[in-house]
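Participant: The structure follows.
Derivation of every value follows stated rules applied to the coordinates shown; laboratory data play no part. Everything quoted here is computed from the prediction, not taken from an experiment. Neighbour counts run over all protein chains shown; Cβ positions are idealised from the backbone, glycine included.
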Amino acid sequence: MSRLLRYLTHPQVDIDPDVPVPEWGLSDLGRKRAQLFAGASYLKSTSHILCSAETKAMETAEIIAVTLDIPYTVDEMCDENDRSATGYLKADEFEEMADAFFAEPEKSVRGWERAVDAQKRIVAAANTFMQDHLRDDILMVGHGGVGTLLYCWFAGLNIDRKHDQHAGGGNVFAYNVSERAIVHGWRPLEECL
């Protein structure tokens with residue numbers, strides 16, 4: 001019997017430059033999208049959730065866990081790449097930094113965590129959780145950067161932003177744990193309802 005790991009990026013957040021990025025919460029739209037996804041038959045076989053310790057990911061995981069009546073585990077190893085060296089960046093500057101993060105995975109760009117280190121961390125978290133839940137379909141809830149790094153690892157691809165999620169968050173990919181193969185790449189959660 002095949003086991004699946006699905007990875008969901010948190011949907012839209014309330015952006016507040018005066019609040020540290022890891023503490024941003026879901027916006028009304030993000031919350032509505034998470035609630036919509038929580039009721040999808042796509043998740044019916046899910047029995048455990050692993051999520052980042054960032055507020056937006058925990059809020060997303062809690063919405064889904066409550067709807068499915070399943071537990072969720074919070075793990076800082078699933079947090080987004082550490083960007084605290086720069087803090088909040090306006091959209092254009094952030095996109096330039098994200099491009100550089102993926103383009104030079106073995107370098108720290110302006111103090112950001114290196115992509116290779118963030119990838120090792122998220123892969124270790126996923127592997128540990130899969131080992132702890134050998135018979136279960138699981139959902140990971142996290143972020144676009146580390147989610148893309150995990151996707152690249154599972155798919156056997158070099159780190160590259162061309163494998164990044166669609167803009168806006170609230171995207172999901174699926175990995176067949178038993179066959180060690182990608183089931184599908186990034187899809188907006190609405191395509192999985």
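Participant: Only one of (1) farther than 14 Å from ASP160 by Cα; (2) in a helix (DSSP H, G or I) fails for GLU113. Which number is that?
Facilitator: GLU113 satisfies every listed condition except (2).
Participant: Okay, moving on. Here are some residues: THR86, THR46, THR67. Which one is touching a Leu at 6+ places or on another chain (Cβ under 8 Å) and over 16 Å from GLY170 (Cα atoms)?
Facilitator: It is THR46.
Participant: Pairs under 8 Å by beta carbon, first residue without any contact (Cβ under 8 Å) to a residue 40 or more places away in the chain and over 24 Å from THR46 (Cβ atoms) in region 112-131, partner loosely packed, with under 14 Cβ neighbours inside 10 Å and of a type in the set (D, E, K, R), six or more apart or different chains?
Facilitator: ARG114/GLU106; ARG114/LYS107
Participant: Which one is nearest to ALA167 (Cα to Cα), of the residues in region 56-97 that are of a type in the set (S, T, N, Q) and in contact with a strand residue (DSSP E or B) (Cβ under 8 Å, 6 or more places away or on another chain)?
Facilitator: Checking each candidate, the answer is THR60.
Participant: Next question. If I ask for residues that are under 16 Å from LEU189 (Cα atoms) and under 13 Å from the mean Cα position of the chain (by Cα), which ones from region 60-80 would you list?
Facilitator: Within region 60-80, THR60, ALA61 qualify.
Participant: Kindly indicate which of ASP160, ASP137, ASP164 is in contact with a Gly (Cβ under 8 Å, 6 or more places away or on another chain) and surrounded by fewer than 21 Cβ atoms within 10 Å (Cβ to Cβ).
Facilitator: Exactly one of ASP160, ASP137, ASP164 is in contact with a Gly (Cβ under 8 Å, 6 or more places away or on another chain) and surrounded by fewer than 21 Cβ atoms within 10 Å (Cβ to Cβ), namely ASP164.
Participant: When region 22-37 is examined, which residues are found to be touching a Leu at 6+ places or on another chain (Cβ under 9 Å), surrounded by 18 or more Cβ atoms within 10 Å (Cβ to Cβ) and not aromatic (Phe, Trp, Tyr)?
Facilitator: ARG33, ALA34
Participant: Pick from ALA98, ALA85, ALA155: which is surrounded by 17 or more Cβ atoms within 10 Å (Cβ to Cβ) and of a type in the set (Gly, Ala, Ser)?
Facilitator: So the residue among ALA98, ALA85, ALA155 that is surrounded by 17 or more Cβ atoms within 10 Å (Cβ to Cβ) and of a type in the set (Gly, Ala, Ser) is ALA98.
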